[in-house]
Structures are given as C-alpha cells and as structure tokens.
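Take a look at the structure below.
The values are calculated or read from the model by the stated rules, or taken from the named source; none is laboratory data. This structure is a prediction, so every number in the text was calculated from the model and none was measured. For neighbour counting, all protein chains shown are included, and Cβ atoms are generated from backbone atoms with ideal geometry for every residue, glycine included.
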Amino acid sequence: MLGTPMGWQPLKNCSPPMFEPQDSPRVYGLPAGVDFPQALVDGLLHRFSGQPPEALASVDLLVNTQRMARRLRTIFEDGPARLLPRIRLITDLERLVPQVIIPQGVPGLRRRLELIGLISALLEQSPDLASRASLYDLADSLAALIDEMQGEGVTPETIAELDVTDQSGHWERAKVFLGIVQSYLSLTEAAPDKEARQRARVAAIAAFWADEPPANPVIIAGSTGSRGTTMMLMQAVAKLPQGALVLPGFDFDLPAEVWAALDDPMISEDHPQYRFYSLMKGLDGTANAVKSWHEPSKVPSPLRNKLISLSLRPAPVTDAWRIEGPHLADLKHATKDMTLLLAESPRAEALAIALRLRKAAEDGQTAALITPDRMLGRRVTAALGRWDILPDDSAGTPLHLSPPGRFLRHAAALFARRLDAEALLTLLKHPLTHSAENRNMHRLNTQRCELSIRRHGLPYPETEAFVSICAKAAPDDTQMQQWAAWVGAATMGHLDHEARPLTHWVARHLELANGLAAGPSRNPGHELWQKKAGIEALRVMQELEAEAGHGTDLTASDYGDLIGALLSAGEVRDRDAPYSGIMIWGTLEARVQGADLVILGALNDGTWPEAPPPDPWLNRKMRHDAGLLLPERRVGLAAHDYQQAVCAPEVWITRAIRSEDAETVPSRWINRLGNLMGGLPKQGGADAWRAMIARGDYWLSQARALEAVTPVNSALRPSPRPPLAARPRNLSVTEIKTLIRDPYAIYARHSLRLRSLRPLVQSADALLRGDVTHKVMEHFVKSAVADPANLSRKQLLAIAEVVLTELVPWPAARTIWLARIARIADWFIERERERLGRATPLAFEAEARGTLELVELGFTLRGVADRIDRNDAGEIQIYDYKTGEPPTSKQQTHFDKQLLIEAAMVEQGAFKAIGAAPVSSATFIGLGNNPKEVDAPLEDEPPADIIANLRTLIAAYLDLDQGFTSRRMMEKVGFAGEFDHLARYGEWDGSDTAAPEDLI
C-alpha cells in the first residue's frame, strides 16, 4: 500500500552523484579475507573525497547484521569527525521509503499458537498421524514452512499442484498437515505476519522506486541474497540510478567457465559462490561483471585465495585441479600463516584454542573463534576463565539455560509431573527461589530439610509429610515449621492431568513462579525478573500472556513443552565486561572480519557444514519444483562463510578426531584442501600440509603440558589403629559379619562416627524390599495364629497389597513385588503350616530384641530376630527372612554368623521377652525367585563355641596392635563396601599388604 505522509519531502541532493550513470545494474564485490567493514568504509570515503560533508550523510547503507552495523559505526567514530551515512539493517525498511505503508502484522507467537490449536484438533480426530508430544514441534515446523513460502513467494496452490506420482505414501499424510497451511493462510491473509509483511514491503518499495527512484545513494553491503525477499530487494537496489550492491567474499579468481557451470542449483547450490551467480543471473548479467569495490583492498594472501578457490570448485569440474593446480605458486608461502590443529578430543581442541587466544590477548592481537558448535564455544570460554579472560560471545546464553529460564521450566514441571524429592530440592536450591528477603535462612532451612529427607526418606513429598520431616530436622524451630508450611503450599498439590485453556496455565504459572521467588512474605521485590536474563524472560512470558487467548486447550505436559520451546528460542548476553579483542562468533559473522587471528573451530562434517535438518513435508525435488530453498543452501552458505574466514591474515583450522563416543569425519573442505595440496608435491603442497599440522601439534603439546600433573604415590591399603577409647564397644549381630569381612567399615562407622546419606533420588532398592517383605510376613503369620482360616493365598496377597500401598510409592515396584510374593505364596503357606504345626510364634521383630554383655571386655552385643517360635518342649526356633539368596552353612560357619550368635544369645538369656531357653533350630527362610530354607549349623557350631569365638574376635579388636584393615576378607572382589571411597580402594587392591597406622 502506497501513501505520502504529511510533511514528507523527497531528499534533494545537490552534491555530485556518487556513481557514474550506467545501463547495467551496479554490483561490486570484496574478496575473501579482506576486513569487509573497513574496506567498505574506505571505498565510501574514497568516492566522497572532495565532496561536501553532507554528501556522505545522504547515503542509505543497508547491512545484514547488528554486529556489522556496530562495527561500521565504530570505524566512522574513530575519526576524523564527519557526518555518517544512515546505517540500518536490511530488515529495517520502515523508514527507508516512508511512502510505503504496510498493514500491521500478526505476532509470530500468535501464529504458532493458532497452528497448535489446528494441529491439536487434527490429532484428536486422527491420533495415528503423530504423537501429541510433537505438537509444538509440528507447529514450529509448519510455521517455518509458512515463513519460507512467504519469503520465497510460493503460494499454497503451488504446493498442492506438485507432481507426486512417483512419491511414497508419506505424501498423503503430509498433505493433511499442508492443508492446515493452506486454510490458515487463506484465513489470515488480511493480517500478514512478519515474513509476508517484509515481502510485501519490498515489493511495494521496488514498485515505488520504478516510478520515483531516489536521488540519494542506496547501498546494500554484506548480504549474499540467500532469501528470496532479500534477493528481490537487492535486485531493486542494483537497478537504481544511485544504487549499488557490495558483495562479501566474492571470488574474483573463479574462471568464467566455472561460473557458467553453476547453472543447475540441484548440483551447484552447495558451492560458496552460487548465490552470487543466482543474483547476477536475476539481474540479466554475469558474475564477471562484478567489479572491485575498492581497488587498494589489502588481500592478506592472494596466493591463499587462489588455493582455497581451486579447492572449492564444484564437484563436476574438480578435474581443474590437475590443470590449474600446477600453475599455483609456492604453497608453503601461501599457507605460512595457516595452522591445522587435529585434536584427539573436543576438550583438547578447546584447551589448545584457549591457549592461543590467551597468547593473542597477551600480545595485543584481536582474535576471533568462529564456529557453529556452541558447545565448543562454551568449552573455550570455560578454559579462558582460568586466566580471567571473558570473551565477547556473540551468541550469548540460551534463555532456557539462564537462571530465570531454568526456574520457569522447573515451575511449569510442577503441573505435569508428580513432585519428587529431587525436583523439590532443585527448586528450593535455585538462586531465584525465596530471593526477596531472608535468603540465608531459606538456604539454612533447605540444608536441614535435605539432610532430613536423606536420613528418613521422602520419595514423593506431600505437605503433611514434608512438614513432619522438617520438624524432625529442627523440632523446636518455629520459624522452620512456618517455612515448611510455605514450601508445602507453594510447591505441592499442583499436579493437574486435565486439558485446560492456555490462559489458565499462563496465569497459574506466573502466580506460582512469583510466589516461589517472593517467599512467605510475598515481597514483589524478588530477583526473578531482574537483570538482562530476567527482563528477557519477563518479555517472553508477557508476550505469551498477551497472546494466550489465541491458544487452544492444552495439558500440563503440552504447556511445559511450549514454555521450553519459547524460552529456548531466546538468547541473553548478560556479560557486562567482556575482554576487549577476544571474540567468539557464529559463522555469519565471518563476514565482519577485522580480527588479526581467526580460528575456525569444529570443522567436522555434520557440524561445519551442519547436516541439513530433515524436512517432514517436502523432499528435495519437490522443494526445487515449488521454488523453495534446497537443503544444500545451508551447505553453500556455510561454505561461503568458511571461504571468507579461511582467507584471514592468520587462520587456524581445528577439529577433534573423536567426539565423546565415536570418530568424527573431517569437514569436506578440509578433505578437499588436503587432497589438493597432497597432489601438488612440486609446489610444496604435501610439505606445506605437514607444516600446518606440525604448528597445530605444537599447541596441542602445550595444552597437554598445561594439564600435566605431578605423579603421586598411590594410597596404601589402610589399616588404622585408633586408641582404645575410640574403638567400638557396642555392635549389632549383623555387624559382626562386617567386622570379619571389612573391619575398616566398622572403624569408619563407629570410631569416626560416619554415616552414609541415602540418595536423594530414592528407588525401590533391596533394603526397602527386605523391610516390606518382613512386614508382610509378620502380619500374615500373626493373622494365621489368630485365625487358622487366614493361612491362605488370598489373605497373604491381601496383606501384601496393603503393606505395599503403604510403604512403596512406586507403582511399577508395587506390581513387581506383589507378583514375586504371589510366585512364592503357595510354597510359603505350605511350609508355614508345618512350622505352626510344631511350634507357636512367641515374638516378632518388635519384641525379639536382646543384648548380651561381655563384662570382662566391656562390650555389648545387640540383636534383633525376625521371628522366634517355641515348641511344646520349651525349645526355641529362630527364623530370619531373606529376600535374596540365604547364606550357605559354610558361609555361616566362617562369616555370616547372625543366626548362630542369636541362638547363643537366647541360651544366655539375652532376650528378656524369651528368657534363657535351649535352641533347637535356627533357619534362614529365603523368599527369592528360588525359595528355600537353610538351617544354621548349630551342631557344628554350638552356642558355647560361638560365644568363645566371639570373645576372641572382640578381644583382638580391642588390642592396640590390631588394625581395622579395609576389605580384609570380602567374599568377592566385585562386592562394594560402604566406605571404599574413604579407603581409596582402587589405588590398591586385595593383593596389597595392609599398612597399619597408629592414630592418636
């Protein structure tokens, strides 16, 4: 839509024209390796030399990135003082031609939300089309397709009319989703989105200029015209009387016949110069008509430019290597400022790069790491941190990984997943939780709470249980009890499985997030929305809140996916003082140049160039037929960025030979360069290649030297000898086995008073299974004693189900353990009938507790039996339940003396509830997959001998000369001890001699 705003007048330029008139479009180029912004400014100043100061201010200079715009302003501001051209982004065209007025557009988020609603309705009708977990991904993919269609001027009708006679049945499913695109675009035609508005604006500008071309110079600099809308604008500018294009990284060494060979995009679009060929073809010209923007441009190494250009020839014409290769000059001179670093791992690559960047900082060089691999950038940033060098990272931090982003995702997860102890502590420990006031008390309470949870267990916190467990941590602390009540109300009870409107989820999410950040006082001055990351997160949430009315009903899981996707799309540069001159750039910023040292990192296939993402809608041929961008476009753009960067004054090429899990494949451009140089021995190609690698190996050796550690002697096998006062005087029956097998564990537990904390992420482990099985069998036997009719499979499984529901919060574990009990139920009932037939249960675990005093040693032995029966003759029978494999008679004789000692304690009268009585049997009841009963060898190990041997054992460890040796007699080498890490097991093994150490 065209119009003339009131008061606007065309610019009257009385200065001499910047460009001489010509009939053909005006296209200039700058070769790869040149400092593009500096050369661009030099060319401008050269053309305006001798003209009035206001002449330069009449220029409209359009560039493709903010960094390019900042660099140009910096160069101008360095002096001398002058009026500046109007520098703006190529996407910021509102003020370029004010007469062009385009209707206000629809926010991109609204479009995605509306697409989510359409796709959600489609999946409800046809759930076999896709999983609901892919709801946002599908909407995002369709939105990207719509963007591309509008940017390239492709209509839905064009897509619908594609010839798919030779395509697979997948097309039929894709057409269902593409139908959404067609109907959506027809419904929203009156309210265009960003891409549609940009294309409409460019088309209107081009039409306006065709009738009224501007008198002032208009220049587009630094763009390759990779998108259709941008190409349209570039073609319009190139045809203006005072319009011009300045192309970055133009290959002036490419022969005319090679330019002509780029005609077919299906085989040539991955070439770095293809976009320039396509641009010139659209302007009815040839690439040979491109002129140099500024003749005195300083190309760092013309010989290297020729070498790189030849190595990147299109695949069909690589035979030119044999023809033109021998005409290249001395390759050793061409590559003297090139280093090839072949690291053994990504970590080694990052450390070597960091060392070189550190040297650049020390020498006052400007240096830039250019890489598409964000992980490499983070590794290098971390490595530079040891020298307090903070690089200027153009990418910043992804918003979803920033503290506010993580906090919001954790809060959203409370709606979708049952809260467990790990998720609770993650939230409570987050620096933004309770960030308004009294943060120190919150941290103290969180630490107490965690210790209590680890000690007592709380797999899935609920308000009442959480308050109770916090009371155990600080019984008399009223403030902590109030805090626990706030935590319960703020974090628990939010699970919701219903599909609800998006407005509902957003409102609840913001309320929950603000409440957690504010703390019990509800102080709005919390830090969630502070600093750059918080401000950006607030913008995202406010935009979602404003557009939520256009969304559809979502489940909590769908909403969590949506929040994660929206936050991951944002970036935060929250670094206030980066180190001047040390930069990390993305590949697009290779065109900015201006660095003395350029490091091209992660040059592996799949990373640089990046593997084209799979297109779920259209294959390669269909894209070509429709006029959409081919997947090779990404490769071609990456190749252009590579060609631009690799021709810098000093350049490093780095790659890791192995990733974390497999060998990597070198980037195709490294392979091409190596193959070309290897085939030119007369020009010194092979020697130059080896010299490049040798320079990289030097820095790798420096990195290894930096990380080298001074060898220290391995730890000896410990056998501490503490003073008598620190030696244990009280052990349980089950600890006697540990004293025999691993005395060091007894020393750590009783002398050092160490206790291992239970894992925060609790699971259905063997210890819990044992507790559950003991309780089930105790309840069942008691019910059978009370009523013999209860000695049935039905009663056993009913009791098991009740106990499992009470003690095991994991549904899968409950099901499995109930099935195991059902498997051994008949066997257990049959044997229990025999046991009850010959004796009567006298005491169970709660009553069967006893102590045996060894007065002459000053030692107390404690014991708890699972079950004690008495027959009509007054003899005692002891039982112990084992969910695993019960110990054999031989194991009991030498190590596992639990039942033998308990039998001796009974005969000594240690169990007050039982009194002194003869023991006729002691039996392990194995309740594992292969149920069995194993009797203790009471005849071979009579109680009198057991007591005597026990006295000897305890007396030995109350002798100052006896050390508590680690892993003294472990049954198997593979068995893990509770305190192996403290004993530094692994630095020594079981064949090493113990090293006694007297402790004071």
#### Entry: the range 238-290 - residue that is in a helix (DSSP H, G or I) and of a type in the set (S, T, N, Q) and, of those, nearest to the chain's Cα centre (by Cα)
S268
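Being under 28 Å from L796 (Cβ atoms) and either surrounded by fewer than 18 Cβ atoms within 10 Å (Cβ to Cβ) or among the hydroxyl-bearing types (S, T, Y) (or both) is the filter here; which residues of the range 914-930 pass it? First the steps, then the outcome.
So the first thing to find is which residues in the range 914-930 are under 28 Å from L796 (Cβ atoms), and the list is 914, 919-930.
S920, S921, T923, G928, N929, N930 - these are the residues of the range 914-930 that are under 28 Å from L796 (Cβ atoms) and either surrounded by fewer than 18 Cβ atoms within 10 Å (Cβ to Cβ) or among the hydroxyl-bearing types (S, T, Y) (or both).
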### Query
Which of the residues that make up the range 897-916 are closer than 23 Å to N930 by Cα and at pLDDT below 90?
none
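Out of the range 937-976, which residues are polar (S, T, N, Q) and in a helix (DSSP H, G or I)? Reasoning before the result, please.
From the range 937-976, those polar (S, T, N, Q) are 949, 952, 962, 965-966; that's our starting set.
Of everything in the range 937-976, those that are polar (S, T, N, Q) and in a helix (DSSP H, G or I) turn out to be N949, T952.
Do we have A813 as assigned to a loop (DSSP other than H, G, I, E, B) and more than 30 Å from D959 (Cα to Cα) here? Give the steps one after another, and end with the answer.
Working: assigned to a loop (DSSP other than H, G, I, E, B): no; more than 30 Å from D959 (Cα to Cα): yes.
When the stated conditions are applied, A813 does not pass them.
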### Query
Is it true that R870 is surrounded by 15 or more Cβ atoms within 10 Å (Cβ to Cβ), under 21 Å from R729 (Cβ atoms) and among the charged types (D, E, K, R)?
no
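When you go through L731, L796, L752, L760 one by one, which is the residue that is of a type in the set (A, V, I, L, M, F, W, C), over 21 Å from G926 (Cβ atoms) and buried (at least 19 other Cβ atoms within 10 Å of the Cβ)? Show your work before the answer.
Values: L796 fails: over 21 Å from G926 (Cβ atoms); L752 fails: buried (at least 19 other Cβ atoms within 10 Å of the Cβ); L760 fails: buried (at least 19 other Cβ atoms within 10 Å of the Cβ).
Criteria check complete, one pass: L731.
Restricting the search to the range 223-237, which residues are within 21 Å of G627 (Cα to Cα) and not in a loop (DSSP other than H, G, I, E, B)? Show your work before the answer.
Pass one, the range 223-237, residues within 21 Å of G627 (Cα to Cα): 223-236.
Within the range 223-237, G228, T229, T230, M231, M232, L233, M234, Q235, A236 qualify.
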### Message
Report every pair of residues separated by at least 6 positions or lying on different chains whose Cβ atoms are under 8 Å apart, first residue within the range 205-224 and of a type in the set (D, E), second part of a loop (DSSP other than H, G, I, E, B) and surrounded by fewer than 16 Cβ atoms within 10 Å (Cβ to Cβ).
### Response
E212/P10
### Residue that is farthest from R835 (Cα to Cα), among those in the range 902-924 that are free of Cβ contacts under 8 Å to residues at least 60 places away in the same chain and under 58 Å from the mean Cα position of the chain (by Cα)
A903
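Can you spot a residue in the range 900-913 that is surrounded by fewer than 20 Cβ atoms within 10 Å (Cβ to Cβ) and within 19 Å of T738 (Cβ to Cβ)?
The first filter runs over the range 900-913 and keeps only residues surrounded by fewer than 20 Cβ atoms within 10 Å (Cβ to Cβ), leaving 907-909, 912-913.
From the residues that got through so far, the ones that are within 19 Å of T738 (Cβ to Cβ) too are none.
The answer is no; no qualifying residue exists.
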### Message
Looking at (1) assigned to a loop (DSSP other than H, G, I, E, B); (2) on the phi < 0 side of the Ramachandran plot; (3) crowded, with 18+ Cβ neighbours inside 10 Å, which one does H434 not meet, given that it meets all the others?
### Response
(2)
### Members of the range 192-222 found to be part of a loop (DSSP other than H, G, I, E, B) and surrounded by fewer than 18 Cβ atoms within 10 Å (Cβ to Cβ), listed by number
E212, P213, A215
### Query
So which residues in the range 806-839 are under 16 Å from F780 (Cβ atoms), surrounded by fewer than 12 Cβ atoms within 10 Å (Cβ to Cβ) and over 57 Å from the mean Cα position of the chain (by Cα)?
E834
### Query
Which of (1) in contact (Cβ under 8 Å) with a residue 40 or more places away in the chain; (2) closer than 30 Å to A708 by Cβ; (3) acidic (D, E) is the odd one out, the single condition D270 does not satisfy?
(2)
### Task
Determine if the range 326-335 includes at least one residue that is under 43 Å from the mean Cα position of the chain (by Cα), within 30 Å of P214 (Cβ to Cβ), hydrophobic (A, V, I, L, M, F, W, C) and at pLDDT 90 or above.
no
### Summary
Per the filter on the range 45-65, residues without any contact (Cβ under 8 Å) to a residue 12 or more places away in the chain and in a helix (DSSP H, G or I) are L45
### Subset of the range 5-44 (residues that are modelled with pLDDT of 60 or more, in a loop (DSSP other than H, G, I, E, B) and farther than 20 Å from V237 by Cβ)
P16, P31, A32, G33, V34, D35
